[in-house]
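Q: This is the structure I have questions about; it appears just below.
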Amino acid sequence: MVAEGLINQYRERMTAAETPKDRLLSTAAFLSEAFRVKMDEIAIFIYDSSREVLVFAWPDSLKGVGSIPLNAHRCLVAKCALEMCGGLDNSFASTPHLHMFEQFISEKEKRIPIQKIMSVPVTSDNKLHGVIQIAKKGADRESSGVDFSTTDLKLLEALAAEFAGYVQAP
């Protein structure tokens, strides 16, 4: 099965990664390759249970930009964390959502809207550790590539379960 092979490859990369920063970079690179997206289309959030917020762990450019409270209205990542349930949206650009973090991802002239997105919680033993999101950007839905599938979502859920063993709280 393709998923098992990818999970084994991911485990090998995590074993080779020596530091938390290496594990984040390896995870983002692996997800980028597995889902054929750019590195800036990967977002990894870590749950800070003391403040009940999600903080960016990846991309590096968004570390320190702010945090997202779990009760943030119309925020996909907060909803995913709060409900501890993954999902995909192949019409994300037309779905009401918070756009503020999309504005920080790149320079204004280079900003491309997120058209499609998958979000999954990072959990172990029913405990939230974070959220992983994979996006596809484009000027419009058609230019952003092939739609995400339920098979893609299941693979991302399996990889997030593996990542849970390597997550360190902020």
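Q: Does F30 satisfy the condition of being touching a Leu at 6+ places or on another chain (Cβ under 9 Å), surrounded by 17 or more Cβ atoms within 10 Å (Cβ to Cβ), at pLDDT 90 or above and under 15 Å from G130 (Cβ atoms)? Spell out how you get there, then give the answer.
A: Values: touching a Leu at 6+ places or on another chain (Cβ under 9 Å): yes; surrounded by 17 or more Cβ atoms within 10 Å (Cβ to Cβ): yes; at pLDDT 90 or above: yes; under 15 Å from G130 (Cβ atoms): no.
Criteria not met by F30.
Q: Can you list the strands (runs of 3 or more DSSP E) lying wholly within segment 71-137 that have 3 or more residues being farther than 15 Å from V55 by Cα, modelled with pLDDT of 80 or more and in contact with a Gly (Cβ under 9 Å, 6 or more places away or on another chain)?
A: Ranges flagged: 114-124.
Q: Within segment 45-56, does at least one residue satisfy the condition of being farther than 15 Å from I114 by Cβ, of a type in the set (G, A, S), in contact (Cβ under 8 Å) with a residue 40 or more places away in the chain and surrounded by fewer than 17 Cβ atoms within 10 Å (Cβ to Cβ)?
A: yes
Q: On to the next question. Restrict the check to segment 1-23 and report whether at least one residue is of a type outside the set (F, W, Y), within 17 Å of I114 (Cβ to Cβ) and surrounded by 13 or more Cβ atoms within 10 Å (Cβ to Cβ).
A: Scanning segment 1-23, I find no residue that is of a type outside the set (F, W, Y), within 17 Å of I114 (Cβ to Cβ) and surrounded by 13 or more Cβ atoms within 10 Å (Cβ to Cβ), so the answer is no.
Q: So, in segment 127-163, of the ones that are among the polar types (S, T, N, Q) and over 17 Å from A29 (Cβ atoms), which residue ends up surrounded by the fewest Cβ atoms within 10 Å (Cβ to Cβ)?
A: Top of the filtered list is T150.
Q: Spot the failing condition for S61; the list is (1) small (G, A, S); (2) farther than 20 Å from Y166 by Cα; (3) part of a strand (DSSP E or B), and only one is missed.
A: The failed condition is (3).
The values are calculated or read from the model by the stated rules, or taken from the named source; none is laboratory data. Predicted model only: the values in this text are computed from it and were never measured. FYI the Cβ positions are ideal-geometry reconstructions off the backbone, even for glycines, and counts take in every protein chain you see.
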